[in-house]
Structures are given as structure tokens and as C-alpha cells.
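Just so it is clear, none of the values below were taken in a lab; they were calculated from the coordinates. If you're wondering where the values come from, they're calculated on a predicted model, not measured in any experiment. FYI the Cβ positions are ideal-geometry reconstructions off the backbone, even for glycines, and counts take in every protein chain you see.
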Amino acid sequence: MNRSARQRLALLRPLLRDSSEGVRTAAAHSIERLEALFSLEEVLTALKTGDTGARVRAIYALGAIGGEKVVGPLLYCANRPEEDLRAAAVEVLGSLAVPAALPLLVERLADASNAVQARAIAALARFPASAELLDRLRPFLERNDGSLEAEAALALARLGDLASAGRMEALLASPHAATRQAAATALGLLPLQ
């Protein structure tokens, strides 16, 4: 950790005992952010050299760190051959909703892994709706696997896709409880016409 970071932390730590809750909260968030920024090197090392569990934890740590510096490593991990790494990276990229990740997340809709596809569907719900995005997600409403159609219903509802309302209503009769639950939730999220 460099000198200026240590100085900032030294200035912020006494504020954790401030009489104002807002000041204490702001100081805590700033301390957390500064410490995370300086742990980025450690996280990247774990991502390169750790076992699968350590690498997955490193991906989630990158999400907690946030910022432009983490996007490149996350995009790289979302293209790795290891399913666990791809799935975690797709989830984190979705939580960050970085515009640069949108094309890759759309690509992951065609991933060989249903788990990666489901996370990509959920991630895309955090981006602005577009005709192309809605067209890419709608076919998943027909999957009938208890997972992908459920994620698609929720994502399309969050994106305000009124054109999918009829299909979401039909999913209420799905043989899969997870799909029925997601469809019921989606219909509550979907804006009224």
C-alpha cells in the first residue's frame, strides 16, 4: 500500500467513531474502497495462480472492487474454458452492468452450459431494453427446462417487455415449480399496459 493510501486511511479511521451515523457510514465505505483498491494486485495474483475455488473467489472480489480496472480480467474470465469461471464472471459483469460487457453477455446466451446461459440472461436484465436484446431473450421462454425460461421471464419483465406477457401467463401452468414461481413474479414486475 502506498504512502498516500496509508495517509488517507489514517485520516478516515478516527471518523469511524464520529457522533454522526452518516459520517461513520461514509468513512467505512471509503476505507473499504481504499483497502479493496490496494488488494487488487493480490486478487489478480489469485486469479492467475489459484486453484478453481480461489479463482472464483477472486472473480467475486473483482466485482466488489469494481471500476474500469476489473473489466478486462472479468471479460477474460467470461471466455475461459472452465464453466465455473465463466459463470462467476458473467454474474459479476451483470452486477456491474458495464456497457463494454454487453456484447460478451449476449454471446454467453449461446454458451454450452445452462448455468452460464442462466446467469447471462439474469445479467442482461440490468441493461437498457432494446429490440435486439428482447429478441435474444424471448426464445428462452420456450425452453421448458425449469431454469432458463424462469430466468427469461424475470429478465423480460424487468426489461418491461409487454409483448411477452402472454407467454409469461402460459408459464403459470408449467410442470416446473421454479418456472411457475418466476412467471408469477414476472407478471407482478411487468408494467401494466
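Quick notes
- Potential extension, Ala129-Leu44 segment - 0.36 nm per residue separation minus Cα distance: 27.3 nm
- For segment 71-169, the square roots a ≥ b ≥ c of the C-alpha gyration tensor eigenvalues yield an a/c of 1.5 or more together with a/b not exceeding b/c, which makes the shape oblate.
- Less than 5 angstrom separates the built amide H of Ala97 from none of the residues sequence-distant by 5 or more or on a different chain.
- Shape call, segment 41-126: gyration tensor on alpha carbons, a/c limit 1.5: oblate
- The ranking of Phe140, Phe127 from fewest to most other beta carbons within 10 Å of each one's beta carbon is Phe127, Phe140.
- Scanning the chain for DSSP H helices at least 27 Å long along the axis (C-alpha atoms) with a Kyte-Doolittle mean no lower than 1.6 picks out nothing.
- Calculated on the alpha-carbon coordinates, the convex hull of segment 128-193 measures out at 67 cubic angstrom per residue.
- Nearest-20 debye value, the chain charge dipole, Cβ charges on Lys, Arg, Asp, Glu: 680
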